[in-house]
1. Got a number for residues in region 246-263 being of a type in the set (A, V, I, L, M, F, W, C) and surrounded by 18 or more Cβ atoms within 10 Å (Cβ to Cβ)?
2. Which one is nearest to residue 168 (Cα to Cα) among residues in region 98-133 that are over 14 Å from the mean Cα position of the chain (by Cα) and among the β-branched types (Val, Ile, Thr)?
3. With region 134-236 as the region, which strands (runs of 3 or more DSSP E) entirely inside it contain at least 3 residues that are on the phi < 0 side of the Ramachandran plot and charged (D, E, K, R)?
4. Looking at 86, 115, 128 in this structure, which one is at positive phi and either crowded, with 18+ Cβ neighbours inside 10 Å or modelled with pLDDT of 95 or more (or both)?
5. With respect to residue 127, is the statement that it is farther than 21 Å from residue 73 by Cα and out of contact with any strand residue (DSSP E or B) (no Cβ under 9 Å at 6 or more places or on another chain) true?
6. Can you list residue pairs whose Cβ atoms sit under 6 Å apart, with the first residue in region 115-130 being free of Cβ contacts under 8 Å to residues at least 60 places away in the same chain and the second being outside any loop (DSSP other than H, G, I, E, B) and surrounded by fewer than 18 Cβ atoms within 10 Å (Cβ to Cβ)? Count only pairs 6 or more apart in sequence or on different chains.
7. Could you check region 60-87 and list, in sequence order, the residues that are of a type in the set (Ser, Thr, Tyr) and under 26 Å from residue 32 (Cβ atoms)?
Amino acid sequence: MRKTKLLAITLGSLCALPALAEEAAPPHTFTSNVSLVSDYLYRGISQTGTRAAIQGGFDYARAGGFYAGVWGSSISWISDGALASNAGLELDTYFGFKNSFAGDFSYDIGYLRYNYPSATYVNPIPANFAKADTDEVYGAIGYKWLTLKYSYSLGDTFAVAQARGTSYIDLSASYPIADTGFTVGAHLGRQSYKGAAADNLKVAGADPSYSDYKLSVSKDFSGFVLGLAYSKTNASTAPGAFYKVLNKDLGQGKAVLSLSRSF
């Protein structure tokens, strides 16, 4: 009787082992992604002069919350603005730590550097401007499908000189509709520039600060995600404004199509 019970317990434990192994998260995860977009909008502003872009990246995640990655996209805004030539690439590097707590809450803290490695800048760079490379630290807190994120610049910010303290705050919602493959989203953000150079640009009618919003919907087709979003900003459209380049309003209201795939 005892032997039979012991055998049953042992067999039951062995049968449970595969299930436990399946539930355990792998200690290291490597993923990649690639996207095609009809316009690369970042914080509501076109980075490609309202043209299409190809994008992609690689990510590493470790069980426990640490992550790091690199992401790139074709761009044109630096060259379009005559600040540099051959500036056709944005290459971002980042790392951070994220996890969940108290059930439905999550957090994410990290560092992000925006790199423009191919740019050949004019000499001298005009007053109030600088190289486009930008360093930010960020923190976010989420609850279910809502996320509030704050990003803080450590120096020159997207070609505005000595802009330490410049910030971007955004509230985003991403809600998956069960059993449909559809996800709907909404976003509201505010880019606020700080520093003497930003103040000088504002006085000259080229205020770099603005607000933006976005509404989106996407559909997963067996790993390929097709998205449609509408984005708009209140960035100045006056002649000579910071976001009006080659007679194009880079913050205008626009619908953007995207197709992405993760591996």
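The values are calculated or read from the model by the stated rules, or taken from the named source; none is laboratory data. Quick caveat: nothing in here was measured; it's all calculated off a predicted structure. Here Cβ is always computed from backbone atoms with ideal geometry, including for glycine, and neighbour counts include all displayed protein chains.
1. First, the residues of region 246-263 that are of a type in the set (A, V, I, L, M, F, W, C): 246, 250, 255-257, 259, 263.
Applying the additional criterion that residues be surrounded by 18 or more Cβ atoms within 10 Å (Cβ to Cβ) yields 250, 256.
Number of matching residues: 2.
2. Ranking the qualifying residues of region 98-133, first place goes to 125.
3. On the way: elements: 134-143, 146-153, 167-176, 182-192, 210-221, 224-233.
Fully inside region 134-236 and qualifying: 210-221.
4. Details: 86 fails: either crowded, with 18+ Cβ neighbours inside 10 Å or modelled with pLDDT of 95 or more (or both); 115 fails: at positive phi.
None of the other options fit; the residue is 128.
5. Working: farther than 21 Å from residue 73 by Cα: yes; out of contact with any strand residue (DSSP E or B) (no Cβ under 9 Å at 6 or more places or on another chain): yes.
Yes: the conditions hold for residue 127.
6. 115/91; 117/91; 118/89; 120/85
7. First, pick out the residues of region 60-87 that are of a type in the set (Ser, Thr, Tyr): 60, 67, 73-74, 76, 79, 85.
Matches in region 60-87: 60, 67, 73, 74, 76.
So that you can scan it fast, the table gives a plain yes or no per residue for (1) closer than 24 Å to residue 41 by Cβ; (2) in contact (Cβ under 8 Å) with a residue 40 or more places away in the chain:
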| residue | (1), (2) |
| --- | --- |
| 52 | yes, no |
| 62 | no, no |
| 78 | yes, yes |
| 85 | yes, no |
| 95 | no, no |
| 102 | no, no |
| 107 | no, no |
